[in-house]
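**Q** What follows is a structure written as structure tokens; I'll ask about it next.
Every number in this text was worked out from the coordinates using simple rules, so none of it is lab data. Predicted model, so just to flag it, every value in this text is computed and none were measured. Reconstructed Cβ throughout: ideal geometry from the backbone, glycine too, with neighbour counts over all protein chains shown.
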Amino acid sequence: MELRHLRYFAAVAETRHFGRAAKRLNMAQPPLSQAIRQLEADVQAELLARTTRHVALTPAGQVFYEDATRILKAVDDAARRVKLLADGRNGVLRLGLTGLASYRSLPRLAGIVQRELPGIALEIHTDMLTSAQETALAQEGLDAGLLRPPVRDPGIEHRVVAREPLVLVVNDGHPLAECAEVDLARLRTEPFVMYAAELRSVVNDAIVRSCAAAGFHPHCAHEVGEASTQVALVAAGLGVALAPCSVRALPLEGVRFVGVRGAESVDLALAWRADSTSAVLHNLLATLQDNDVFVDDIEDIGEDHAS
């Protein structure tokens, strides 16, 4: 039994006429009649009652028609899903996030995907620092990641989506809490809450460079593994922190955010394997490009750039 024979039979069953069915199928009537006879021989049952004036389904033909239409629909649906997958419009994309990216960047990115690529499901991997995302990308555990450049692996490409100034995070009872902006050098005696050294945090590196330029090395009083814990320790009065400005989005009481003169900015970028053949990934990249997510001239990015 051939799939095309099911399509031929369905056309005859729906038109009740060999001539009209042949026209719908864009074929001559004799081969159509021959294919139906072959189908009846395959199922060993008469499917159509033929007269000189019309064609009708036999009881066996009615049952076979119902099953045939279900089979044809399933085949067509499968072909459509495969095409969407091949076109990058259907599938799963595994996305890694730094701790703060989920507060500002993820909502915009997810909104674009839901609106323009509804067949793509995002599988989110949260609280991954850049080093962890690089490893996961290299090992194909992620398809893409929102991370902090620089990216050390030459096999990973990235494009910047935002540049964020570092801001000071202090307990709301801290002497600097009411300041709009402070010089970085004023923090030389403060205890810092920083990411653990073994995590190789890009933000830590920017903090150390900034402090060095201001003439001191930050005293790390507490080490943490994620941004939410860092801010919680600051709220508890256990130190101060320098963090990307998107930290302002953290829903935590008891802290104030202060601008810092002399502190570096840190980039946020979308990264992926340069050799990735994922149609889903490449379709996502094209869609994000069309929606002006990527920033080509990063010197023009400000703190309030939507990310």
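**Q** Taking Cα atoms, how many degrees apart are the long axis of helix 29-43 and the longest axis of the chain, rounded to 10 and kept between 0 and 90?
**A** Taking Cα atoms only, the helix is inclined about 80 degrees.
**Q** Express in nm, to one decimal, how much length is gained between T51 and A221 on full extension, taking 0.36 nm for each residue of separation and deducting their alpha carbon distance.
**A** Full extension of this stretch gives 51.8 nm more.
**Q** Determine ³J(HN,Hα), in whole Hz, for all residues of the range 211-219 in sequence, where each value follows from phi through the Karplus function 6.51 cos²θ - 1.76 cosθ + 1.60 and θ = phi - 60°; x replaces Gly and Pro.
**A** 5, 4, 5, 8, x, 8, 10, x, 8
**Q** Taking 1 over the mean of 1/r across every pair of different Cα atoms in the range 163-266, what Kirkwood radius in Å do you get?
**A** Kirkwood radius, the range 163-266: 13.3 Å.
**Q** Further question on the same structure: Could you work out the relative contact order of the chain? I mean the mean sequence separation of Cα pairs under 8 Å and 6+ apart, divided by the number of residues, in percent.
**A** Relative contact order, the chain: 22 percent.
**Q** Which whole-number percent is the relative contact order of the range 3-86 (Cα, under 8 Å, 6+ apart)?
**A** 27
**Q** Near the amide H of V182, under 5 Å away, which other amide H atoms are found, from residues 5 or more places off or on another chain, if H is placed in the peptide plane?
**A** G259, V260, R261
**Q** Counting only C-alpha contacts under 8 Å and six or more residues apart, can you give the relative contact order of the range 163-266 as a whole percent?
**A** Once normalised by length, the contact order is 52 percent.
**Q** Once both axes come from the Cα atoms, what is the angle between helix 3-15 and the longest principal axis of the chain, in degrees from 0 to 90, rounded to 10?
**A** On a 0 to 90 degree scale, this one is about 70.
**Q** Of all DSSP beta bridges in the range 163-266, what percent run antiparallel (nearest 5)?
**A** Taking every DSSP beta bridge within the range 163-266, about 55 percent pair in antiparallel fashion.
**Q** Using Cβ counts within 10 Å as a stand-in for footprinting exposure, how do I112, I124 rank, fewest first? Can you show the working numbers first?
**A** On the way: I112 16, I124 12.
Ascending Cβ contact count within 10 Å gives the list I124, I112.
**Q** What are the ³J(HN,Hα) couplings of the range 56-65, residue after residue, when phi is run through the Karplus curve with 6.51, -1.76, 1.60 and θ = phi - 60°? Round to Hz, x for glycine and proline.
**A** 3J(HN,Hα) across the range 56-65, in whole Hz: 9, 7, 6, x, 5, x, 5, 4, 5, 4.
**Q** Also: At 25 °C and a viscosity of 0.890 mPa s, what translational diffusion coefficient does Stokes-Einstein give for the chain, taking Rh as the Kirkwood radius over Cα pairs? Give it in µm²/s as a whole number.
**A** The estimated diffusion coefficient comes to 103 µm²/s.
**Q** Non-local amide H neighbours of V167 (under 5 Å, H modeled in plane, Pro and chain starts lacking H): which ones?
**A** Amide H neighbours of V167: A243, C245.
**Q** Place a label point 7 angstrom from the Cα of K83 along the Cα-to-Cβ direction, then list the residues of the range 1-40 whose backbone nitrogen is under 12 Å away.
**A** none
**Q** To continue, here is another question. If each of A196 and Q289 carries a label point 7 Å out from its Cα toward its Cβ, how far apart are those two points in nm?
**A** 3.9
**Q** Another question, if that's okay. If each of Q114 and T69 carries a label point 7 Å out from its Cα toward its Cβ, how far apart are those two points in nm?
**A** Result for the modelled spin labels: 3.6 nm.
**Q** Subtracting the Cα-Cα distance from 0.36 nm times the residue separation, let me have the gained length for T189 to D42 in nm, one decimal.
**A** Gain on extension, T189 to D42, equals 44.0 nm.
**Q** Please figure out what share of the DSSP beta bridges in the chain is antiparallel and state it in percent, rounded to the nearest 5. Spell out each step's value before the answer.
**A** Values: 24 of 42 bridges.
Around 55 percent antiparallel, to the nearest 5.
**Q** Could you calculate the FRET efficiency of H282 with R209 from 1/(1 + (r/R0)^6), where r is the beta carbon distance between them and R0 is 41 Å, rounded to 0.05?
**A** 0.70
**Q** Can you give the direction-averaged projected area of the convex hull of the alpha-carbon atoms in the range 14-80, in nm²?
**A** With the hull built on Cα positions only, its mean projection is 5.0 nm².
**Q** Let me ask you something else. Which residues in the range 36-53 have a backbone N closer than 17 Å to a point placed 7 Å from the Cα of E2 along the Cα-to-Cβ line?
**A** 36-43
**Q** Let me ask something additional. Name the long-range amide H neighbours of L48: under 5 Å, sequence gap of 5 or more, or other chain; modelled H, no Pro or chain starts.
**A** T58
**Q** Using the alpha-carbon atoms, what tilt in degrees (0 to 90, nearest 10) does helix 279-290 show relative to the longest principal axis of the chain?
**A** Tilt of helix 279-290: around 60 degrees.
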